[in-house]
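The values are calculated or read from the model by the stated rules, or taken from the named source; none is laboratory data. Everything numeric in this text was worked out from a predicted model, so none of it was measured. Neighbour counts run over all protein chains shown; Cβ positions are idealised from the backbone, glycine included.
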Amino acid sequence: MVYKTVNPYTNELVKEYANVTDAQMEAALVQAYNRYQAWRRDNNLVQRKMQLHRVADLLRRDYDHYAQVITTDMGKLFSEAQGEVLLCADIADYFADKAEEFLAPQPLKTEKGEAYYLKQASGVIFAVEPWNFPFYQVMRVFAPNFMIGNPMLLKHASICPGSAQAFQDLINEAEIEAGAFTNLFASYDQVATAIADRRVSGVCLTGSERGGAAIAKIAGENLKKSSLELGGNDAFIILDDADMDEVAQVITPARLYNAGQVCTSSKRFIVTEKNYQRFVDDVVASFKMAKWGDPMDETTVVAPLSSAQAKKDVLAQIASAVENGAQVAFGNQAINHPGNFVMPTVLTDITKDNPLYNTEVFGPVAEIYCVKDEEAAIALANDSSYGLGGTVFSMNLDHAKAVAAKIETGMSFINSGWTSLPELPFGGIKNSGYGRELSQLGFNTFINEHLVFKPYQ
Ligand code: NAP
């Protein structure tokens with residue numbers, strides 16, 4: 001495993017980072033476990049809340065610096081990276097503000113005695129995180145677990161080590177005690193060894209199905225609790241009564257944000273016959289206007305993909321879709337630039353036997369499906385291995401909510417594209433994973449719900 005930053009806009013090597021040794025891994029485990037024990041003894045929640053607010057302040061003070069690190073690592077637009085850093089500050093503040101409420105003992109009703117459960121730390125958490133939101137993904141795990149008293153060990157994606165190091169520097173600058181958060185440039189084998197270690201009590205991964213299955217297998221074999229946030233092939237359903245002007249405003253952010261490398265990007269646009277042609281025209285018009293270029297330039301809309309391999313993979317998926325009968329309504333032309341650019345592409349006429357039909361494309365590709373009616377739209381949306389997010393457009397709110405309730409998914413957005421806020425739970429079902437992050441649901445993931453019961457005599 002080589003941890004290195006290769007700037008996706010220039011494809012030049014920026015910096016390579018040394019892997020941790022086994023001795024450093026062992027030292028990190030000792031330190032994290034000692035931190036867990038110390039927090040159990042001293043429960044200094046008030047201090048930790050102050051520290052987490054300090055993290056938020058530092059993020060807001062230095063957001064340009066962190067955004068620059070993120071953009072250099074994985075290529076997203078600088079403005080998007082700034083937004084990501086500010087969202088991390090909000091997440092930190094949210095969990096610091098909510099910690100006491102979320103950790104309060106919960107009374108239980110029983111006629112047999114007095115009962116309640118404590119909400120306690122469960123131990124060291126090992127987090128494996130992806131490159132597409134290099135700060136936000138880490139903060140989603142760090143902030144709640146820091147409040148609970150669960151130390152965190154991180155294995156970040158090998159293509160964004162600059163961000164991993166910057167997050168560690170942030171924690172150090174906030175004067176958070178050693179062991180609370182430790183970034184490790186670890187190999188897969190070292191990750192497996194750490195998960196199996198008795199000092200680690202839980203593991204979470206955000207990433208691909210392949211990565212999720214590998215980590216969940218190791219967790220299962222070692223009886224460790226796990227939580228997985230995996231890919232998605234989110235449906236964006238446009239009903240007969242959708243406001244098509246409103247829909248047109250959402251197309252670019254819903255599919256081209258972060259060059260389409262978002263798990264909850266709208267990937268399958270499902271449109272009833274009435275609005276189909278208008279929608280195809282609108283997507284083509286939006287994609288035509290989406291200027292690709294330097295992610296640091298504020299007029300750029302489409303950033304390079306995160307790596308040369310990612311570009312190769314997306315182009316191969318488009319080629320295979322076309323070989324299997326998909327029509328190119330726009331795009332799919334080579335971009336002559338050293339950066340990892342893929343031209344925004346619109347595909348139609350994707351049949352069920354097309355490999356694309358049930359595959360996530362992590363890039364700027366819109367797949368548009370025409371269906372005869374609402375029932376067919378719901379059936380197509382649900383005919384997927386994934387169930388992460390989804391969107392429903394209708395001017396009739398009750399109608400939109402009723403359709404959203406019929407979609408087999410973890411999150412539905414009505415008359416808007418995907419979003420993420422600290423107070424909203426994030427996660428999916430089916431091959432999109434299990435468990436939730438953010439909100440009180442996410443906070444509870446690695447809590448020990450400790451029952452205390454005193455029977456009546
Ligand atoms: P990936 O290959 O699974 O990588 C994610 C992380 O897992 C990286 O740190 C990777 O390390 C690590 N990893 C993979 N296999 C591993 C193993 N056997 N042992 C230890 N670590 C392992 O995912 P990706 O393709 O880069 O990321 C994109 C995927 O993430 C997409 O499918 C996307 O939809 C999903 N995603 C989901 C969410 C969500 O919340 N649901 C959010 C963002 C992204 P290396 O980099 O060293 O390989």
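So the values come out like this:
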{"read-out": "Number of positions in region 435-457 that are over 18 Å from residue 94 (Cα atoms), out of contact with any Leu (no Cβ under 6 Å at 6 or more places or on another chain) and modelled with pLDDT of 95 or more", "value": "9"}
{"read-out": "Verdict on residue 189 being within 29 Å of residue 68 (Cβ to Cβ) and of a type in the set (D, E, K, R)", "value": "no"}
{"read-out": "Candidate set from region 342-380 (those that are assigned to a strand (DSSP E or B) and among the polar types (S, T, N, Q)); member that is surrounded by the fewest Cβ atoms within 10 Å (Cβ to Cβ)", "value": "348"}
{"read-out": "Tally, over region 89-127, of residues that are part of a loop (DSSP other than H, G, I, E, B), of a type outside the set (S, T, N, Q) and within 27 Å of residue 151 (Cα to Cα)", "value": "3"}
{"read-out": "Of residues in region 213-270 being among the polar types (S, T, N, Q), within 17 Å of the chain's Cα centre (by Cα) and not in a helix (DSSP H, G or I), the one farthest from residue 398 (Cα to Cα)", "value": "226"}
{"read-out": "Close pairs (8 angstrom Cβ cut-off, 6 or more residues apart or separate chains): farther than 25 Å from residue 35 by Cα in region 201-224, of a type in the set (Ser, Thr, Tyr) and within 10 Å of the ligand (Cβ to nearest atom) anywhere", "value": "214/188"}
{"read-out": "Failed item, numbered, when residue 258 is tested on (1) touching a residue at least 60 places away in the same chain (Cβ under 8 Å); (2) under 26 Å from residue 370 (Cβ atoms); (3) in contact with a Leu (Cβ under 9 Å, 6 or more places away or on another chain)", "value": "(2)"}
{"read-out": "Filtered residues of region 188-212 (kept if in a loop (DSSP other than H, G, I, E, B), surrounded by fewer than 17 Cβ atoms within 10 Å (Cβ to Cβ) and within 9 Å of the ligand (Cβ to nearest atom))", "value": "208"}
{"read-out": "Residue in region 129-168 that is farthest from the ligand (Cβ to nearest atom), counting only those that are among the aliphatic types (A, V, I, L, M) and either without any contact (Cβ under 8 Å) to a residue 24 or more places away in the chain or part of a strand (DSSP E or B) (or both)", "value": "152"}
{"read-out": "Members of region 70-88 that are in a helix (DSSP H, G or I), crowded, with 22+ Cβ neighbours inside 10 Å and among the aliphatic types (A, V, I, L, M)", "value": "70, 74, 81, 85"}
{"read-out": "Candidates 285, 329, 316, 310 - the one that is more than 16 Å from the ligand (Cβ to nearest atom), of a type outside the set (Phe, Trp, Tyr) and in a helix (DSSP H, G or I)", "value": "285"}
{"read-out": "Criterion: away from the ligand (no atom under 15 Å from the Cβ) and more than 30 Å from residue 415 (Cβ to Cβ) - qualifying residue of 221, 177", "value": "177"}
{"read-out": "Number of positions in region 42-61 that are free of Cβ contacts under 8 Å to residues at least 60 places away in the same chain and not in a helix (DSSP H, G or I)", "value": "1"}
{"read-out": "Checklist (1) in a strand (DSSP E or B); (2) without any contact (Cβ under 8 Å) to a residue 24 or more places away in the chain applied to residue 5, failing item", "value": "(2)"}
{"read-out": "Matching residues in region 403-457 - criterion: being away from the ligand (no atom under 16 Å from the Cβ), under 16 Å from residue 101 (Cα atoms) and polar (S, T, N, Q)", "value": "440, 444, 448"}
{"read-out": "Residues that are out of contact with any Asp or Glu (no Cβ under 7 Å at 6 or more places or on another chain) and among the hydroxyl-bearing types (Ser, Thr, Tyr), drawn from region 158-212", "value": "158, 182, 187, 188, 193, 201, 208"}
{"read-out": "Check on residue 383, more than 13 Å from the ligand (Cβ to nearest atom) and either under 21 Å from residue 366 (Cα atoms) or at pLDDT below 95 (or both)", "value": "yes"}
